[in-house]
1. Could you list all residues from segment 204-219 that are within 15 Å of Val152 (Cα to Cα) and either modelled with pLDDT under 95 or in a loop (DSSP other than H, G, I, E, B) (or both)?
2. Output the residues belonging to segment 152-173 that are more than 18 Å from the chain's Cα centre (by Cα) and touching a residue at least 60 places away in the same chain (Cβ under 8 Å).
3. How about segment 92-176: which strands (runs of 3 or more DSSP E) wholly inside it have at least 2 residues that are over 21 Å from Thr57 (Cβ atoms)?
4. Check every one of the helices (runs of 4 or more DSSP H) wholly within segment 264-375 and list those with 3 or more residues that are closer than 29 Å to Leu123 by Cβ, under 21 Å from the mean Cα position of the chain (by Cα) and at pLDDT below 95.
5. Would you check which residues across segment 245-293 are within 24 Å of Lys332 (Cα to Cα) and among the charged types (D, E, K, R) and list them?
6. Looking at Asn237, Asn247, can you tell me which residue is modelled with pLDDT under 90 and buried (at least 20 other Cβ atoms within 10 Å of the Cβ)?
7. Of Asp324, Asp330, Asp338, Asp274, which residue is in the same structural domain as Val358 (by TED's automatic domain parsing) and in contact with a Lys or Arg (Cβ under 6 Å, 6 or more places away or on another chain)?
8. In this structure, is Thr353 closer than 12 Å to Leu267 by Cα and free of Cβ contacts under 8 Å to residues at least 24 places away in the same chain?
Amino acid sequence: MKRILPALLIVTLAILACQLPGVTPLTTPQPASPSSTIPTLAPGSVNPLPLDGSLTTLYQRVIPGVVSIRTDTGQGSGFVYDAQGHIVTNQHVVDGASQVEIDFSSGYKAHGTVIGSDSDADLAIIKVDAPAEEIHPLTLGDSDTLQVGQAVVAIGNPFGLDGTMTLGIVSGLGRTQPSSQAAGGGFFSTADIIQTDAAINPGNSGGPLFNMNGEVVGINQSIRTTSFNEITGNAVNSGVGFSVSINLVKKIVPVLIRDGKYEYPFLGITSSSDLSLEEIEALGLTTYTGAYVLKVTPGGPAEQAGIRGGSTPTRIEGLNAGGDLIIAFDGKPVTSFDKLLSYLLTTKSPGDTVVLTVLRDGKQMDITVKLGKRP
């Protein structure tokens, strides 16, 4: 599945692996043993903890599972995924690295081996051999329960300052970002991205984003900014950060551990995440919500199932009318292409059969599609 990127992209999406040769990270003292626990809440509760010692309790509880990552090309962050010593981070943190070092909050250091990676979701798995007392797997939350305005904290290694904690809120949900270029033009997209204003900077890449229950709800990955440091060239935090949702991580990571790579489901349509009112009117659409099919990939699953892309020129150059408008996916309402893509990537696999409900020539119909593998 592809998306069309805006013609004028005035902001820059910056990955945050810290490239700071010659900068020595500060040593973080070993945290006190977390003897207290964070108050328990009903599943799905919005973070109600006050901004007092509860944040300190959260930090003490989770910091043993947060790691700093050093490579021969830069620095980043990560966290302990399981008792077998698997570390989750961003793919760009370890991309091209011949040596990987894992630094635990206790001061213990160990070499790590990259055993799997996925550039589309920007995820990588590092296997580390360390004593059992150093391995503290973090609890994974449910990113589907997040709400805009909910408090979150990021912990990582910005600019080599390991163990740094910052506080913010969920600024947006269900964002998409271009991942890899598709054959024939356009880009494949990754989806279900969390937007946050918690300060994340170069070196935070791969580190966890927590809710106030101390559960990992995302992996900090990038920022959108127009500002860069004149000396180092590093991106400057703008308050617009992005994290890979933990529900997408929970789907991909077990496969990366097992197989070293991940196969994405492929629908084979090109769409836009945001049509303007002028474009909607030019297309003759009677509703403002849904995912309009601009094109279908020749021979792809959608075309084989009978999904139609636009074919009739409109007054807007390059925009063709007559395509299907997808309004539901397996009975779940589709309000935008971003929502469709998030549902597809977090819940489906190649070979699955899905039902798309479309509006075509003013009529509603259900079309069954068997998903392929992303080429």
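1. Hits for segment 204-219 are Asn204, Gly207, Asn211, Met212, Asn213, Gly214, Glu215.
2. Selection gives Asn157, Pro158, Phe159, Gly160, Leu161, Asp162, Gly163, Met165, Leu167.
3. Working: elements: 100-104, 109-118, 123-128, 151-156.
Output list reads 100-104, 109-118, 123-128.
4. On the way: elements: 277-283, 301-305, 337-347.
Hits in segment 264-375: 337-347.
5. Once the filter is applied, which keeps residues that are within 24 Å of Lys332 (Cα to Cα) and among the charged types (D, E, K, R), segment 245-293 yields Lys250, Lys251, Glu263, Asp274.
6. Asn237
7. Working: Asp330 fails: in contact with a Lys or Arg (Cβ under 6 Å, 6 or more places away or on another chain); Asp338 fails: in contact with a Lys or Arg (Cβ under 6 Å, 6 or more places away or on another chain); Asp274 fails: in contact with a Lys or Arg (Cβ under 6 Å, 6 or more places away or on another chain).
Just a single option satisfies the conditions, and that option is Asp324.
8. Yes, satisfied.
The values are calculated or read from the model by the stated rules, or taken from the named source; none is laboratory data. Only a predicted model underlies this, so the values are computations on that prediction, with no experimental measurement involved. Positions of Cβ are backbone-derived with ideal geometry, glycine not excepted, and every protein chain shown enters the neighbour counts.
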